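The values are calculated or read from the model by the stated rules, or taken from the named source; none is laboratory data. All values reported here derive from a predicted model rather than from experimental measurement. Glycine also receives a Cβ, built like all others from the backbone with ideal geometry; neighbour counts cover every protein chain displayed.
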């Protein structure tokens, strides 16, 4: 070791750590426990927040609607002018007008061998196709009837169109691209939780969902406009029923939670055809993605000031609950770490008492007070870093164990995640920084005492 | 006072320990000059204040009042950083109890001042050269615990010489050594002094004071006597008793 001495204070720190390893391990134990709890709870909070506020109730997504009740009975329209105003707001990242299918319709299709029949009137929404920008499914989620690629030649004599993405329409005997449909995960959970058990159908589990994702476009169904299971319709439709073929292109959080979502052009044309021109002047709502969740309050204030409302969302309530629980966990972790810092302080006071003579020697050969402080604080920082790293490893290991046990033994439940935890680099670095800072704080007074030792007295001890 | 500025200049140094009934006036106004290249033995009974005086000269202790100037540096004007640098670069210490760090090798102990120097080059070579100077080149990798008392003291001397100081402050350097080993250390001191190093040695051993160029005696916190063998002085009192 002495063959090539590279003198630095850190070499002394290293040597001191080595010879006091056992003591430092014991005194760092509290930091290990505190940091592992800190990482575990914050990781859990991040994971739960991601699922609840990312998948179930996206917190930075707000839906602007016309007021449900007004004094005059008249309400401000949700129209293109409002869409333009919303898009001009500084808080807004994107805004998508939403138009609901407002007349009776029904869907028929096949899912894993089961024939499904479901009402669509009021449960099918049109959204701007730019909604899926950046998503692989964006290639398919288009208003094909408005695109050249969506129009093909006449059907062949057998009534086929060559590609399974196209179907032969009985309306004009031309090949049309299937209507692209996206659904939210809520629909899978709704199907699994209510529909499938009530009808004795197989649940869509992880395997089925994976298969569904792989063969998404094989999920095809028919949309019958102007038809309904309701025998006595209150609406009087002048237009005769017609059928369109559709295919599933994505399961995504961007779809409206309940029902099917299709490009808005289809809904606009269908509403116009069955309900007239008035029906397409207004949207049912505007779905707004904000630039950050911190902008929610400002934007909602503006919405209310403009005379509109925010569609009821549980996101804020859940966010509040998660924040409170997270804060509680953080406080518990910090109390543990704080107590450990006191323990670190005791350890260093003891060490300094043991090392008085040594400190005197260092001062005699030229160590300044600042050098002595640096040595003590350097040791504390190293203990913090080591204990923090160990705490992070333990916290992550505990999380992985829980994920493993959950995936292995806990039955599926709505929105069951593959992991309950989210460990970001910021969390890991923050935890390490906490450990170092608390240890250094713990050693601060001992370091000051060591630095202020009178060298002559220290040598005489 | 000689035309050359003294390497150590103390003016009216006072030092008290404790308060009230436990108050002890260790130094009661000591003034002295030590010329460059001198070898001075500071003698006196236990508790006379000689070690305290040495520590004050070395900056290991502070005087309650008075002026300490070492190598032209007035301690009142030096902050801790500058005083530490002065100790590191210009002053070497040798103690009765050796004060080596047991967890470091002999070579690392010798090179210890380099850990706090602003710039350190050839640390290894310089540490080995210092060890060679005290005849312990072969002991570089050993731990202090494996050495005899005499060898430990020579390691401490090597450490003190590592940065080529101009002043060596020694506190009972032969106090823990047998006569044979002690004689070797004294001879080494004389050799270093001949090379120009200034030595201030606190001792109660006659053989050490006899080896010094002159002797100062301290009693009850005052300098009371000086040896007639002292070098020629330019001032009436090279050593002045306190006022």
Query raised in the report: When the residues of segment A:129-142 are filtered to those that are surrounded by fewer than 21 Cβ atoms within 10 Å (Cβ to Cβ) and in a loop (DSSP other than H, G, I, E, B), which remaining residue is modelled with the highest pLDDT?
Result: A:142
Query raised in the report: So which of A:162, A:205, A:193 ends up being in contact with a strand residue (DSSP E or B) (Cβ under 9 Å, 6 or more places away or on another chain), farther than 23 Å from residue A:105 by Cα and surrounded by fewer than 19 Cβ atoms within 10 Å (Cβ to Cβ)?
Result: A:162
Query raised in the report: From the set of residues in segment B:88-115 that are closer than 24 Å to residue B:200 by Cα and assigned to a helix (DSSP H, G or I), which is nearest to the other protein chains (Cβ to nearest Cβ)?
Result: B:88
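Table: residues versus (1) closer than 24 Å to residue A:456 by Cα; (2) under 47 Å from the mean Cα position of the chain (by Cα).
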| residue | (1), (2) |
| --- | --- |
| A:361 | yes, no |
| A:365 | yes, no |
| A:368 | yes, no |
| A:377 | yes, yes |
| A:380 | no, yes |
| A:383 | no, yes |
| A:386 | no, yes |
| A:391 | no, yes |
| A:397 | no, yes |
Report task. Test residue B:53 against the criterion of being within 13 Å of chain A (Cβ to nearest Cβ) and either surrounded by fewer than 21 Cβ atoms within 10 Å (Cβ to Cβ) or in a loop (DSSP other than H, G, I, E, B) (or both), and give yes or no. Result -> no
Query - Unmet criterion (only one of (1) more than 11 Å from chain A (Cβ to nearest Cβ); (2) without any contact (Cβ under 8 Å) to a residue 24 or more places away in the chain; (3) touching a helix residue (DSSP H, G or I) at 6+ places or on another chain (Cβ under 6 Å)) for residue B:177 - result: (2)
Report task. Would you be able to say whether some residue in segment B:167-183 is in contact with a strand residue (DSSP E or B) (Cβ under 6 Å, 6 or more places away or on another chain), more than 16 Å from residue B:96 (Cβ to Cβ) and modelled with pLDDT of 95 or more? Result -> yes
Requested in this report: Kindly establish whether residue A:247 is surrounded by fewer than 23 Cβ atoms within 10 Å (Cβ to Cβ), modelled with pLDDT of 85 or more, in contact with a helix residue (DSSP H, G or I) (Cβ under 6 Å, 6 or more places away or on another chain) and outside any helix (DSSP H, G or I).
Outcome: yes
Query - Candidate set: segment A:4-15, residues that are at the interface with another protein chain (Cβ under 8 Å from one of its Cβ atoms) and assigned to a helix (DSSP H, G or I); chosen: the one surrounded by the fewest Cβ atoms within 10 Å (Cβ to Cβ) - result: A:4
Query raised in the report: If you check residue A:268 against the conditions, is it in a helix (DSSP H, G or I) and within 14 Å of chain B (Cβ to nearest Cβ)?
Result: no
Report task. With the condition kept exactly as written, say whether any residue in segment A:251-260 is surrounded by 17 or more Cβ atoms within 10 Å (Cβ to Cβ) and at positive phi. Result -> yes
Requested in this report: Taking residue B:30 as meeting all but one of (1) surrounded by 23 or more Cβ atoms within 10 Å (Cβ to Cβ); (2) within 14 Å of chain A (Cβ to nearest Cβ), write down the number of the exception.
Outcome: (2)
